[in-house]
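Engineer: For reference, the structure I am asking about is given below.
The values are calculated or read from the model by the stated rules, or taken from the named source; none is laboratory data. None of these values were measured; they are calculated from a predicted model. Positions of Cβ are backbone-derived with ideal geometry, glycine not excepted, and every protein chain shown enters the neighbour counts.
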Amino acid sequence: MTRLQYTCPGCGTPLGYEGLCWKCKSEQERNAALAWTPEQITEKQRNLIQNIQRLAEMEEPEFTDFWQLLSYHNAIAPEIQRAALAAGVLWPCEIYYHAPKDVRDGLIHALLSTEDSNGASQLMSCLAMQGDDKAMETLLELERNPRPWRKNLYVDPSSYAQIGGWTFDKEGRRTQLNFDICYPMVKGVSGEASPVRIGRARKDTCPHCGGRMVDMLVLDGRDERLQFLGLDGILTATCCPSCVGFLKGPAFNSFTPDGGVEVFPSELFDGAEKADCYVSPEDYKALTENPFVLGKTPVPLFYGAACQDVNTIGGFANWVQDAEYTTCPHCGKPMKYLAQIQWDTVFDCAEGTLYVEFCPDCQIVSMQHQQT
């Protein structure tokens, strides 16, 4: 095997080029954005308003500025939202998160006026992000009385609502699918105690590949920081880190507040009985000895929604594909989004993200994998 010539000066990772690895570079850029002064934030907001069309075209610096304003400062002001609406900018839909009533009404007017299915799709996504009662009433009415453009879309308005972290049933009852508090997982010091742990070793093995099962998330809801989850005890999410991305649907397990786990039977997506294990002993060691601990203070809800090197509890996910809320296999209700674990943060050369959701009523956890 050819030995790589360089190493990252930040973490020592072997590289084929000189400079920082992508994870250290992402951390450097995030720390720089977190250090913005109020004056810098105001200037970036002003530039975004003046050049809002460049955001829709993914031009720089507007595209990066938008995500950093949203993710690290929760600073998408109503003036930015009004400028976006006036210019017909409908992407990223997150720009309309909790937009004021006049912007909401503008989105509703545009949605009810359009005859184009693509435009309707974008507008419903934006309205989902705005997310108030009138937004829900509009989407509910469109679900009950579909417009002609509905036949060109794959899902109903209630599925579009999930983009904003909520949905509704046929009777118009609203269900919140995410939490309005977010904590990051940060690198701790050796031996540091944490109410959340990523990757705890287990002795049992996967029935598909024979690799070791792992408690991918162990969370003690009794910690003061995690009271918002409503868990009076321990939630454990257990799966095979090698096979979870190859299952027919999510991986499921039940949990008990005393830390108990029962893993549900699963099937491989191709119907095969056995699979190869792609996680090496070195990977298992890295996964189960990672340094992540729960951060001390909450962060903006979209803190982990625009980068691939941040693990979070609560808030919004960075969906690699579409937002996907699992249906509880016991009660049939949509599960609540709990956490995201970026695979490449816990062992090298892994791809994609593991999303953890749970049903608080049935005490069931789901884990699903997405990647490009």
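Engineer: How do the pairs read when you match residues in segment 256-269 that are assigned by TED's automatic domain parsing to the domain that holds Cys240 with residues anywhere that are assigned to a loop (DSSP other than H, G, I, E, B) and surrounded by fewer than 12 Cβ atoms within 10 Å (Cβ to Cβ), using Cβ under 7 Å and keeping only pairs 6 or more apart or on different chains?
Structural biologist: Final answer for the pair search is Pro257/Asp232; Glu267/Lys248; Leu268/Lys248; Phe269/Lys248.
Engineer: Looking at the structure I just gave you, is Asp204 of a type in the set (Asp, Glu) and closer than 14 Å to Val356 by Cβ?
Structural biologist: Taking the combined requirement at face value, the residue does not satisfy it.
Engineer: Looking at segment 328-342, is at least one residue crowded, with 20+ Cβ neighbours inside 10 Å and in contact with a helix residue (DSSP H, G or I) (Cβ under 7 Å, 6 or more places away or on another chain)?
Structural biologist: Scanning segment 328-342, I find no residue that is crowded, with 20+ Cβ neighbours inside 10 Å and in contact with a helix residue (DSSP H, G or I) (Cβ under 7 Å, 6 or more places away or on another chain), so the answer is no.
Engineer: Now for a different question. Tell me which residues, restricted to segment 60-81, are surrounded by fewer than 18 Cβ atoms within 10 Å (Cβ to Cβ) and either over 18 Å from Leu301 (Cβ atoms) or basic (Lys, Arg) (or both).
Structural biologist: Glu60, Pro61, Phe63, Thr64, Glu79
Engineer: Thr114 versus (1) of a type in the set (Ser, Thr, Tyr); (2) under 25 Å from Cys307 (Cβ atoms); (3) at pLDDT 95 or above: which is the lone unmet condition?
Structural biologist: Failed condition: (2).
Engineer: Here is a further query. Just for strands (runs of 3 or more DSSP E) wholly inside segment 189-270: which have at least 3 residues that are more than 24 Å from the chain's Cα centre (by Cα)?
Structural biologist: 196-205
Engineer: Hey, another quick one. So for segment 291-301 (the condition being assigned by TED's automatic domain parsing to the domain that holds Ile341, closer than 19 Å to His369 by Cα and not β-branched (Val, Ile, Thr)), does at least one residue qualify?
Structural biologist: no
Engineer: If you go through segment 171-188, how many residues are in contact (Cβ under 8 Å) with a residue 12 or more places away in the chain and assigned to a loop (DSSP other than H, G, I, E, B)?
Structural biologist: 7
Engineer: Do we have any residue at all in segment 40-59 that's surrounded by 14 or more Cβ atoms within 10 Å (Cβ to Cβ) and among the acidic types (Asp, Glu)?
Structural biologist: No, the conditions are met nowhere in segment 40-59.
Engineer: Name the residues in segment 346-367 that are surrounded by fewer than 20 Cβ atoms within 10 Å (Cβ to Cβ) and either of a type in the set (Asp, Glu) or out of contact with any Pro (no Cβ under 9 Å at 6 or more places or on another chain) (or both), would you?
Structural biologist: Answer for segment 346-367, where residues must be surrounded by fewer than 20 Cβ atoms within 10 Å (Cβ to Cβ) and either of a type in the set (Asp, Glu) or out of contact with any Pro (no Cβ under 9 Å at 6 or more places or on another chain) (or both): Asp348, Cys349, Glu351, Gly352, Pro360, Asp361.
Engineer: Considering only segment 337-352, I want to know if a residue exists there that is under 16 Å from Ala161 (Cα atoms) and touching a residue at least 40 places away in the same chain (Cβ under 8 Å).
Structural biologist: So far as segment 337-352 goes, yes, one or more of its residues are under 16 Å from Ala161 (Cα atoms) and touching a residue at least 40 places away in the same chain (Cβ under 8 Å).
Engineer: Six or more apart or on different chains, Cβ atoms under 6 Å: show the pairs whose first residue is in segment 106-130 and of a type in the set (Val, Ile, Thr) and whose second is modelled with pLDDT of 95 or more.
Structural biologist: Ile108/Thr138; Thr114/Ala120
Engineer: Of everything in segment 339-355, what is within 14 Å of the chain's Cα centre (by Cα) and not in a strand (DSSP E or B)? Give them in sequence order.
Structural biologist: Scanning segment 339-355 gives Trp343, Gly352.
Engineer: Going through segment 95-109 one residue at a time, which ones are surrounded by fewer than 21 Cβ atoms within 10 Å (Cβ to Cβ) and within 24 Å of the chain's Cα centre (by Cα)?
Structural biologist: His98
Engineer: State the number of residues belonging to segment 98-143 that are over 20 Å from Thr167 (Cβ atoms) and in a helix (DSSP H, G or I).
Structural biologist: Final tally of qualifying residues: 12.
Engineer: Taking the options Phe316, Phe358, name whichever one is assigned to a strand (DSSP E or B) and under 17 Å from Gly165 (Cβ atoms).
Structural biologist: None of the others qualify; the one that does is Phe358.
Engineer: I've got another one for you. Taking segment 158-209, which residues are surrounded by fewer than 19 Cβ atoms within 10 Å (Cβ to Cβ) and basic (Lys, Arg)?
Structural biologist: Selection gives Lys170, Arg173, Arg174, Lys187, Arg200, Arg202, Lys203.
Engineer: From Ser280, Ser254, grab the single residue that is surrounded by fewer than 20 Cβ atoms within 10 Å (Cβ to Cβ), hydroxyl-bearing (Ser, Thr, Tyr) and under 22 Å from Met335 (Cα atoms).
Structural biologist: Ser254
Engineer: Working only within segment 230-247, note down all residues that are among the aliphatic types (A, V, I, L, M) and either touching a Lys or Arg at 6+ places or on another chain (Cβ under 9 Å) or modelled with pLDDT under 95 (or both).
Structural biologist: Passing the criteria: Leu231, Ile234.
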